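Heads up, the thing below is written out as structure tokens.
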Amino acid sequence: QLKNGTSGELIWMNEIARKWDDKMYYYPIPQADLQKNPALGQNPGWK
């Protein structure tokens, strides 16, 4: 967060705890792509 307009002084904010599911590291593979190539598997958490 900037303080005092455009002086460039910064104030560090406290970290906010966030819930993050592990599956969010990878996007799901579209169903059409999975149907085109049966050897593909869906990314973990998106089955």
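Derivation of every value follows stated rules applied to the coordinates shown; laboratory data play no part. Since the structure is predicted, the reported quantities are computational estimates derived from the model, not experimental observations. Positions of Cβ are backbone-derived with ideal geometry, glycine not excepted, and every protein chain shown enters the neighbour counts.
Side notes on the structure shown:
- P(r) tail fraction, the chain - alpha-carbon pairs more than 17 Å apart, %: 61 percent
- Residue order, fewest to most surrounding Cβ atoms within 10 angstrom, among Glu15, Glu9: Glu15, Glu9
- Segment Tyr27..Asn14, full-extension length gain: 1.8 nm, with 0.36 nm per residue of separation and the alpha-carbon distance subtracted.
- Counting lysine pairs in the chain that sit 8 or more residues apart in sequence, or on different chains, and whose Cα atoms lie under 25 Å apart gives 4.
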